[in-house]
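The structure appears below as structure tokens.
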Amino acid sequence: MLKKFKRMKVLRSLEVWKMGSINYLNALKLQEKLVSDRKTHKIPDTLLSLQHPPTYTLGKRRTDHNLLIPEPDLQKIGAELHYTQRGGDITFHGPHQAILYPIISLRDVGLGARNYVEKLELTMIELASLYGVRARAGQTGETGVWVGERKIGAIGVRISYGITSHGLAFNIDPDLNYFKHIVPCGIANKEVTSLRKETDSVLPAEEVIHEQLISCFARVLGYSNLIWKENGSILSDSVEN
């Protein structure tokens, strides 16, 4: 008689860094350090949860033509412009967005690049569903997550030797006027929207929504053990390292 063995469920841990609002360049440098540390197994899979001051970022394709405002005028609207090595086109980051930057090993998770992006899409779709908003993944040529023909979440990732950086930005209630100065993600004639605009629900404090997004990410990626680090302990650890 054959015995059935239940496969033991692997307890996968994710260290979550709650950063608050952080300058984009500082976040970029931190990601570079964490990617290096993850490659050499100095740190576990790590997730940065944060917001940025108003910032436009371009991906490695350098699609400057999708910035519709002269670069010298950016200061007038209180925004910065930064070039990155992530995939994707131009996008905007700012207050009242929920941003996640996963620094994780795709080999350990058992995912390829396309599957990983699909998991990021599903993370935002699940968050939207908590508020009765039916979101969907982009169709061919459309990146990110959409509500009808309106974009609610952006994705731009970098993968280096199987280690991820950059990630996703979900619009809770940002100033959508900033998106008028770009062709968001290079997709013309499409609106950008937010959770505030799309839901009839009363939204809780933004910190709650950030934590819900983290929970969705952990569930979709299969992390069963979350290790939380607050901003203060993160900064002290960074100084020591």
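Normalised by residue count, segment 146-200 yields a Cα convex hull volume of 102 Å³ per residue.
The alpha-carbon of residue 18 sits under 15 angstrom from the alpha-carbons of these aspartates and glutamates, leaving out residues fewer than 8 places away in its chain: 45, 206, 207, 211, 230, 237. Rolling a 1.4 angstrom probe over the protein heavy atoms with all chains in place gives the chain an accessible area of 51 Å² per residue.
Taking only DSSP H segments of four or more residues, each worth -39500 (n - 2.57), what value at 222 nm results for the chain once the sum is divided by all its residues, to the nearest 500 deg cm²/dmol? Walk me through the intermediate numbers first.
On the way: 6 runs with 67 residues, N = 241.
That calculation yields -8500 deg cm²/dmol at 222 nm.
The GluC sites (Glu not before Pro) found in segment 120-207 that occupy coil by DSSP, while having at most 14 further C-beta atoms within 10 Å, are 149. For the chain, the fraction of 1.4 Å probe accessible surface lying on carbon and sulfur atoms is 52 percent. Near residue 148: Cβ cut-off under 13 Å, other residues only, Lys/Arg at +1 and Asp/Glu at -1. The net charge is +2.
With charges only on Cβ, +1 for K and R and -1 for D and E, what is the dipole size of the chain about its Cα centre, in debye, rounded to 20?
Details: 31 positive and 26 negative charges, 262 e Å.
So the magnitude is around 1260 debye.
Of the listed residues 93, 41, the order by accessible area with a 1.4 Å probe, largest first, is 41, 93. In the set [x] 15.7; [y] 17.5; [z] 24.1, the label that goes with mean projected area of the Cα convex hull in nm² computed for this structure is [x]. Between 193, 164, 84, the residue with the greatest mean-square fluctuation in the GNM of the chain (Cα pairs under 10 Å linked by springs) is 84.
How charged is the neighbourhood of residue 84? Take every other residue with its Cβ under 15 Å from the Cβ of residue 84, and add Lys/Arg as +1 and Asp/Glu as -1. Please list the in-between numbers first.
Details: positive: 29, 60, 61, 62, 86, 158; negative: 32, 64, 80, 89.
Computed value for this residue: +2.
Report the longest stretch of the chain that contains none of the chymotrypsin sites (Phe, Trp or Tyr not before Pro) sitting in a DSSP loop with at most 14 other Cβ atoms within 10 Å.
Numbers: sites that count: 5, 161.
It works out to 6-160.
Taking only the Cα atoms of segment 81-162, the radius of gyration and Dmax are 13.3, 38 Å. With 25 Å as the limit on Cα-Cα distance, the pairs of 60/151; 33/229; 29/151; 60/180; 39/151 that go past it are 29/151; 39/151.
Quick one: work out the % antiparallel among DSSP beta bridges in the chain, nearest 5. Provide the component values of the computation, followed by the final result.
Values: 27 of 44 bridges.
In the chain, DSSP labels about 60 percent of beta bridges as antiparallel.
Heavy-atom accessible area for residue 65, with the other protein chains in place and a 1.4 Å probe, reaches approximately 130 Å².
Normalised by the number of residues in segment 95-207, the mean separation of alpha-carbon contacts (under 8 Å, six or more apart) gives a relative contact order of 31 percent. Any chance you could check the Cα centroid distance between segment 61-79 and segment 195-223 for me, in angstrom? Using only Cα atoms, the two centres lie 30 Å from each other.
The values are calculated or read from the model by the stated rules, or taken from the named source; none is laboratory data. What you see is a predicted model, and the numbers here were worked out from it, not measured in a lab. When we count neighbours, we look across all protein chains shown, and the Cβ atoms used for this are built from the backbone with ideal geometry, even at glycine. Heads up: the accessible areas ignore ligands, DNA and RNA and are worked out on the full protein's heavy atoms, side chains in. Shrake-Rupley method; radii C 1.70, N 1.55, O 1.52, S 1.80 Å.
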